[in-house]
Amino acid sequence: MKKRLVSLALSISLLATLAIGCSSGQTASTNGGTGGAAANVSTTQPAQKGGVFSATKEQLEALPEAMLGEKDEFKGLTIGFSQRNIAGSEWWEQLVRLAKMEAEHLGVKLTVYDAGNDLAQQLADIETLVNIKPDAMIINPFHSTGVLPAVSKVHEANIPLTVVNCALDAQGAPFTFVSCDVENSGYKAGFELAKSYDEKNGWKPEVKALVLSAAAQEQESDLRRWGMLAGYNDYMLEKYGKSNLKIVAYRYYNWQPEPAMNETLDALQANPDIDVIFSACDGGAQGVVAALDSINKSGQILVTSIDARKSVLKWIKDGDKGIVSTVANDPRMMGKWAVYLAAKQAKGVTTPATFYVPNTLYNKANVDKVYDEKSQY
């Protein structure tokens, strides 16, 4: 992948012009620059009596629904799982489904609470799980700082903590964070969007963009956006020495297709000449396609996204919806790895502070290698 050339000052300037305040203002608990490789280097976790975990080559290369551990390897362990939301998102459904599959395979009793996208409910759920006294805890936080009061109770109870998918503020350390390098994923997606637009249209003095950022005050959403904008601008700077990106609309859609559809329609009503759309996830891309279909503009606006869901891969394969790329952000991988690493922690094994699952970019050139019409995801 092309090296990053855009300066921090340019990125900050672009965001400042949008007059938005969606960053939590805290440093993310992720470590950037891995290029999507699974990371297993601990920077904050103290060494424990059970040794230090290191993933095997076979585990890292396993298919999304292949189990990681040995059958009944952790039989009798209990793990509590506070999930931010499930209903309405196939992505979260798949994350939880594979977490349950891995737990059953390992012989672990997994108790899952669904907060329904409600911070107060998630705080209560975490406290309830702490009172159950599980051997380990997994949290997919609704808000990177909002859940910290409950996280402190997890640590007070000396329960090992794994955070999955959405970043937790570093104040909640120590924990193992299982995710993709989402800023790097955003970078790949943005770079590919610029490349695709350039190959189709050549240099244009101005390219009008809609940025669909998933959620306000959420690090996961912020990192994806920062990466996407940096990737787009880097491509243009490398080729032309200047960027032509003009963000004319910036919207939130809370990771869901229907709000993304409504926000896209609203943005296009005000700005009918939008050229490109950055979508923070494939749920957003699904909403974008529904919006464009409804106004007969499918394929006229180029779109990039993150997740590599089957439906979006199919659109890339068919080439008729304007989706130029998506970057793997597989919830199945995250769900099973979260359970496996939480079980390791419960047995006294030191696990990584950050563990990244692969984040391959898929476009027209390589989509056939991954698309599977029988896949549940």
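Tabulated values for the structure
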| item | result |
| --- | --- |
| Fraction of accessible area attributable to carbon and sulfur, the chain (%, probe 1.4 Å) | 51 |
| Once exposed loop GluC sites (Glu not before Pro) are cut out (DSSP; at most 13 other Cβ, 10 Å), longest piece of the chain | 207-372 |
| Spatially proximal aspartates and glutamates relative to LYS200 (Cα-Cα < 16 Å; intrachain offsets below 8 disregarded) | GLU192, ASP275, ASP320 |
| Local electrostatic count, PRO331, Cβ distance below 12 Å [Lys/Arg +1, Asp/Glu -1] | -2 |
| Qualifying lysines (Cα of each under 30 Å from Cα of LYS344; at least 8 residues distant if same chain) | LYS49, LYS57, LYS71, LYS75, LYS100, LYS109, LYS133, LYS153, LYS336 |
| Mean separation of Cα contacts under 8 Å (6+ apart) over length of the range 78-127, as relative contact order % | 53 |
| Heavy-atom accessible area order for LEU119, LEU268, largest first, 1.4 Å probe | LEU119, LEU268 |
| Stretchable slack from GLU58 to TRP203, in nm (0.36 nm times residue separation minus alpha-carbon distance) | 47.7 nm |
| For the chain, accessible area per residue (1.4 Å probe, heavy atoms of protein chains only), Å² | 39 |
| Of the trypsin sites (Lys or Arg not before Pro) in the range 155-244, those whose Cβ has at most 15 other Cβ within 10 Å and which sit in DSSP loop | LYS242 |
| Relative contact order (percent, whole number), the range 127-236, Cα cutoff 8 Å, 6+ residue spacing | 28 |
| The range 266-360, relative contact order in percent, only Cα pairs under 8 angstrom and at least six apart counted | 22 |
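The values are calculated or read from the model by the stated rules, or taken from the named source; none is laboratory data. Everything numeric here is computed off the predicted structure, so don't read it as measured data. Methodologically, a virtual Cβ is constructed for each residue, glycine included, from the backbone with ideal geometry; neighbour enumeration extends over all protein chains shown. Side chains are part of the model used for accessible areas, which takes the heavy atoms of the whole protein and leaves out ligands, DNA and RNA. Shrake-Rupley method; radii C 1.70, N 1.55, O 1.52, S 1.80 Å.
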